[in-house]
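The values are calculated or read from the model by the stated rules, or taken from the named source; none is laboratory data. Everything numeric in this text was worked out from a predicted model, so none of it was measured. FYI the Cβ positions are ideal-geometry reconstructions off the backbone, even for glycines, and counts take in every protein chain you see. SASA here: full protein model, heavy atoms, side chains in, ligands and nucleic acids out. Shrake-Rupley method; radii C 1.70, N 1.55, O 1.52, S 1.80 Å.
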Amino acid sequence: MATKVRMWLAILTLAAVLIFVSLSGPTQAAGDKDMRPDVLKIAGMYKSGKAADAETAAIKIAKAFEETSDLMHLFRARNKGGIGWGRAPLGPNPAEDGLEKKLQLLADPKKPLANVAKEAAAAEEAAHDLAAMAQLIRNKTPGKDGPAGKTKKAWNEWSEQMRDASLELAKAAGAKNAAGIAKAAAKVNSTCNACHAKFKE
Ligand code: HEC
């Protein structure tokens with residue numbers, strides 16, 4: 001009997017260890033579901049000008065995750081579990097290699113792009129990622145209107161403005177238009193801030 005109990009304990013311990021290891025992989029660390037592949041998939045549709053496909057895909061994908069925070073942490077720096085700015089790591093300062101941080105830097109009129117020819121490609125990729133994020137956020141409307149302006153309508157408007165401004169950013173980057181990039185980045189950034197002021201605790 002005692003041997004049987006010990007055997008079961010060993011099996012249960014092993015199972016617990018395996019479950020723990022599978023849950024604590026690097027891509028899972030910041031949320032329950034790794035949304036990065038889905039975001040990149042939708043971004044690819046925006047890149048090829050297939051906005052209608054992106055919208056259909058976002059509706060389906062948004063049903064498969066629970067928490068807006070699973071998405072929001074992707075705005076962090078690449079080395080903090082975020083998507084990063086563009087596909088290739090952005091040097092030389094890893095803290096700037098994130099959708100949120102780099103967007104804020106670009107939106108600052110005192111810091112125009114030093115070398116638009118060199119930075120445009122990453123900005124265009126990042127802009128498509130931002131549009132994809134916005135379209136997923138758009139499908140995470142709160143179930144009901146809350147107090148103090150936390151309405152479903154406000155949520156939807158800000159996520160749509162974020163998507164449209166992101167596509168403007170992609171266009172300006174594609175045209176290597178430094179002033180256009182700064183202007184669109186500021187627009188995207190203001191939609192993040194507007195929504196956070198109401199909905200983020
Ligand atoms: C339509 C509303 C909305 C928009 C637009 C929006 N956010 Fe958020 N964001 C939220 C809410 C709500 C939270 C809090 C979610 C939570 O943690 O449960 C949040 C949380 C965050 C967080 C913290 C996530 C974490 O836990 O690490 C970051 C970073 C973030 N947002 C960045 C951005 C950036 C950058 C943009 C714009 C490019 C943006 N958000 C646009 C609603 C929005």
What's the long-distance tail for the range 115-160, i.e. % of Cα pairs beyond 11 Å? 69
Just to check I understand the Karplus step: with θ = phi - 60° and J = 6.51 cos²θ - 1.76 cosθ + 1.60, what whole-Hz values come out for the range 82-97, glycine and proline as x? x, 6, x, 8, x, 7, 8, x, 9, x, x, 9, x, 5, 8, 8
Relative packing of 184-192, 108-116, which averages over residues the other C-beta atoms within 10 Å, highest first: 184-192, 108-116
Are there GluC sites (Glu not before Pro) in the range 46-89 that DSSP marks as loop and that have at most 13 other Cβ atoms within 10 Å, and which are they? E66, E67
Given the pairs K144/K198; K144/K187; K101/K183, which are separated by over 20 angstrom at their Cα positions? K144/K187
When the Cα centres of the range 41-76 and the range 102-157 are compared, how far apart do they sit, in Å? 13
Show me, bin by bin at 10 Å from 0, the whole-percent P(r) of the range 135-201 based on Cα pairs. 23, 45, 23, 9, 1
One quarter of the C-alpha convex hull surface, i.e. the mean projected area of the range 31-199 in nm², amounts to 9.3
Mind checking the full-extension length gain between A117 and D164? Use 0.36 nm per residue of separation minus the Cα-Cα distance, one decimal, nm. 14.6 nm
Tell me, what is the per residue accessible area of the chain in Å², probe radius 1.4 Å? 58
Between G98 and residues 5 or more places away or on another chain, the pairs with built amide H atoms under 5 Å apart involve R78, W85
Rounded percent of accessible protein surface that carbon and sulfur make up, the range 72-201, 1.4 Å probe: 54
Going by average Cβ neighbours within 10 Å, how do the peptides 69-75, 133-139 rank, with the highest at the top? 133-139, 69-75
